[in-house]
Amino acid sequence: MNRYDCEAIRDLLAPLVRGEMLPHESASAQLHLDDCAACRTEAEIVRVLQESFAPVPDGLESRVVAAVRRRSLMRGRPARLALAATLAAAVIGGSLVFDRADRDSVSDMDAVSWAAAQDPLLHGRSALPELTVEELEVLLEEFDR
Amino acid sequence: MGLCRFNALSGLGIHSPVISRGITRPDADHARAEATLLERARTGDIEAREQLVRRYLPDVFRTAARVLGDRDLAEDAAQDAFVNALNGLSRFRGDASFRTWLLRIAINAARSVGRRNGRRREVSLVLADNEPSGRPDPARQAVNATEVERVEHALGGLPTKQRLAVALRAQQGLSYAEIAGALKCSEGAARVNYHLGIKRLRELLR
């Protein structure tokens, strides 16, 4: 049975604690957690976060459904043509923003890949959990740049 | 710190094995059914729209609550998000999943609601003060309330992107790619934000 290292385990904690991993993967993860206090601590944080899931308030679903239904019916009325035109303009503007965001995202990733390749400290995804907060912040700045 | 009592996976039920190494393997039938539902919703089918609300309301509400730190405002934001998304379905191009696209709209709606209400600082979501009266949450009762509040408080102190990355992954089970779509950042940045958030939580809870 393969044993996970800290890097692999920490990336898997959320699906692991949610019970969404295959049984043999869970068993391998268990082997690591039995021996690693740091990963157990992080697993506990993830577990507590999942336990504190905010419940959806009573009545919210019917409120939202009613609003969606009202708005959907309004859209078919001729008196709403002006609003529809405004929405169309917003949609076009929104699409442009999304397009730009997509392009930014790609170039952002390229920049970070380059930065990671240049800097042994930040080299490779497998090193992430081993970095300090300061080092992670440096890496994040590269992503945000 | 009390958080180290975790006996790994004991007591955690193994459900449908749909995830391996943290990567969701979407069920083909589910994907087809969702595509059909979205197409119906796009053409104005009200019943289809209502189904989408029921399916995604928990994710949308919890994400808005994480941004705003206020359940009442999060309800407003959730409503705005669904109205905006379902009336702008033509903008959804299928590059990302519908959930990712919807969560991005929910985050924007939450920020708008926050601005309208003059909330300059995003705060923690302390569930203990806000649970619906007379309906105790069984999951919540299963853990030590003090631990939950400590973690919630610490989470509320993180920068927004780190808080959302941790909440979206740990609580809502999103992949890094989905988080990247929701936060409008690269997948690498989503990953770093998550790890940084978890690291800071560990420090805060030490």
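The values are calculated or read from the model by the stated rules, or taken from the named source; none is laboratory data. Remember, it's a predicted structure, so these values are computed and weren't measured experimentally. Reconstructed Cβ throughout: ideal geometry from the backbone, glycine too, with neighbour counts over all protein chains shown.
Computed quantities for the displayed model
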| quantity | calculated |
| --- | --- |
| Residue list for the range A:7-20, filter: in contact with a helix residue (DSSP H, G or I) (Cβ under 6 Å, 6 or more places away or on another chain) and farther than 19 Å from B:Ala167 by Cβ | A:Glu7, A:Ile9 |
| Flag for B:Leu158 being within 19 Å of A:Ala54 (Cβ to Cβ), modelled with pLDDT of 90 or more and assigned to a loop (DSSP other than H, G, I, E, B) | yes |
| All positions within the range A:21-58 that are over 13 Å from B:Gln171 (Cβ atoms) and charged (D, E, K, R) | A:Glu25, A:Asp34, A:Asp35, A:Arg40, A:Glu42, A:Glu44, A:Asp58 |
| Top-ranked residue of the range B:185-206 - restricted to ones that are among the aliphatic types (A, V, I, L, M) and in a helix (DSSP H, G or I), ranked as surrounded by the most Cβ atoms within 10 Å (Cβ to Cβ) | B:Val192 |
